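Asker: Have a look at the structure that comes next, please.
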Amino acid sequence: MEKILIIEDEQSIRELIKLNLSVVGYETYEASDGEEGLKVLNSREVDLVILDLMLPKIEGYDLLPLILEKKVPVILLTAKDGIKDKVKGLNMGADDYITKPFDVLELLARIKAVLRRAGKEIKRKGFDDVEIYDEQRKVFKAGLEIELTPKEYDLLKILVDNKGIAMSRDKLLELVWDYDYEGNTRTVDVHVQRLRNKLKTDKIKTVYKVGYRLED
Ligand code: CA
């Protein structure tokens with residue numbers, strides 16, 4: 001998961017950002033002033049910083065060069081009427097800015113774009129709007145986490161890893177439930193049905209007399 005540091009002294013804004021970033025699968029760090037922000041930067045690996053300009057202890061402008069020095073992209077949070085601030089920040093090397101009060105969806109879109117441009121976006125497995133974070137064994141659909149049982153997860157992962165390939169029920173049984181499993185191929189059908197329902201997808205196709213194939 002990409003790690004995003006939010007440096008913002010207004011608690012309500014910080015928490016709003018944190019909540020929304022967590023929901024779509026980013027890991028977050030928080031800092032309520034410039035000094036604390038610098039501390040996090042010096043002790044953690046961070047993929048992107050959301051930086052408020054008006055900060056106690058160390059101002060956003062003074063912090064900005066220190067962050068950019070670490071090759072970490074920055075999105076500035078600026079006041080509505082601070083056009084000069086935006087220009088100054090961008091000239092200093094900030095990647096983007098967003099004006100308060102902001103739309104959360106716009107912020108998320110900007111974060112995604114900046115991460116992509118900076119080559120910091122982690123390539124996720126998945127299809128359509130379904131994303132798999134294999135390290136955390138988490139699955140998101142349109143940004144919302146979907147609870148899967150361990151077997152459902154394993155089955156989904158195998159289908160995704162073999163996208164476009166028809167997988168026989170026996171093969172899936174063997175890969176997900178092990179060779180010695182005494183169950184029958186009906187188990188596979190039940191789990192596929194549950195995956196289709198939970199993920200609200202029609203991309204897991206039934207391959208007549210064979211098994212299943214995840215469509216690209
Ligand atoms: Ca502030």
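The values are calculated or read from the model by the stated rules, or taken from the named source; none is laboratory data. Because the structure is predicted, anything quoted here is derived from the model rather than measured. All Cβ positions, glycine included, derive from the backbone under ideal geometry; neighbour counts span all protein chains shown.
Asker: When the residues of segment 9-59 are filtered to those that are in contact (Cβ under 8 Å) with a residue 24 or more places away in the chain and in contact with a Pro (Cβ under 9 Å, 6 or more places away or on another chain), which remaining residue is nearest to the ligand (Cβ to nearest atom)? Please lay out each step first, then the result.
Answerer: Let us first name the residues in segment 9-59 that are in contact (Cβ under 8 Å) with a residue 24 or more places away in the chain, namely 9-10, 13, 16-17, 20-21, 23-34, 36-38, 40-41, 44-59.
Filter once more, keeping what is in contact with a Pro (Cβ under 9 Å, 6 or more places away or on another chain): 9, 13, 32-34, 47-49.
On the way: 9: 5, 13: 8, 32: 10, 33: 9, 34: 10, 47: 22, 48: 19, 49: 14 Å.
Ranking the qualifying residues of segment 9-59, first place goes to 9.
Asker: Go through the residues of segment 41-49 one by one and say whether even a single one is in contact with a Lys or Arg (Cβ under 7 Å, 6 or more places away or on another chain) and farther than 18 Å from residue 122 by Cα.
Answerer: Checked against the condition, which is being in contact with a Lys or Arg (Cβ under 7 Å, 6 or more places away or on another chain) and farther than 18 Å from residue 122 by Cα, segment 41-49 yields at least one hit.
Asker: If you scan segment 87-96, which residues turn out to be at pLDDT below 90 and surrounded by 18 or more Cβ atoms within 10 Å (Cβ to Cβ)?
Answerer: 89
Asker: Taking segment 142-193, which residues are under 28 Å from residue 20 (Cβ atoms) and not hydrophobic (A, V, I, L, M, F, W, C)?
Answerer: 143, 145, 147, 149, 152, 153, 157
Asker: Do we find that residue 5 is in contact with a Phe, Trp or Tyr (Cβ under 8 Å, 6 or more places away or on another chain) and modelled with pLDDT of 95 or more in this structure?
Answerer: In short, yes.
Asker: To continue, here is another question. Can you spot a residue in segment 97-114 that is away from the ligand (no atom under 16 Å from the Cβ), more than 14 Å from the chain's Cα centre (by Cα) and buried (at least 20 other Cβ atoms within 10 Å of the Cβ)?
Answerer: The answer is no, given that none of the residues of segment 97-114 is away from the ligand (no atom under 16 Å from the Cβ), more than 14 Å from the chain's Cα centre (by Cα) and buried (at least 20 other Cβ atoms within 10 Å of the Cβ).
Asker: Kindly check whether there is at least one residue in segment 74-90 that is away from the ligand (no atom under 16 Å from the Cβ), closer than 28 Å to residue 143 by Cβ and either outside the structural domain of residue 14 (by TED's automatic domain parsing) or touching a residue at least 24 places away in the same chain (Cβ under 8 Å) (or both).
Answerer: no
Asker: If you don't mind, another one. Just the residues that are among the hydrophobic types (A, V, I, L, M, F, W, C) and in a helix (DSSP H, G or I), please, taken from segment 92-120.
Answerer: 92, 104, 105, 107, 108, 109, 111, 113, 114, 115
Asker: Do we have any residue at all in segment 128-147 that's of a type in the set (Gly, Ala, Ser) and assigned to a helix (DSSP H, G or I)?
Answerer: no
Asker: So residue 123 ticks every box in (1) in a helix (DSSP H, G or I); (2) modelled with pLDDT under 90 but one. Which box is left unticked?
Answerer: (1)
Asker: Checking the condition crowded, with 16+ Cβ neighbours inside 10 Å, acidic (Asp, Glu), outside the structural domain of residue 24 (by TED's automatic domain parsing) and in contact (Cβ under 8 Å) with a residue 24 or more places away in the chain, which residue from 147, 131 passes?
Answerer: 131 is the lone residue from the list that is crowded, with 16+ Cβ neighbours inside 10 Å, acidic (Asp, Glu), outside the structural domain of residue 24 (by TED's automatic domain parsing) and in contact (Cβ under 8 Å) with a residue 24 or more places away in the chain.
Asker: Could you tell me whether any residue of segment 75-84 is of a type outside the set (Ser, Thr, Tyr) and closer than 17 Å to residue 118 by Cβ? Step through it out loud before you land on a result.
Answerer: So in segment 75-84, the residues of a type outside the set (Ser, Thr, Tyr) come out as 75-77, 79-84.
Right, trim to closer than 17 Å to residue 118 by Cβ and you get 75-76.
Yes, there is a match, as at least one residue in segment 75-84 is of a type outside the set (Ser, Thr, Tyr) and closer than 17 Å to residue 118 by Cβ.
Asker: OK, next. How many residues are small (Gly, Ala, Ser) and exposed (fewer than 14 other Cβ atoms within 10 Å of the Cβ) when one looks only at segment 115-128?
Answerer: Here the count works out to 1.
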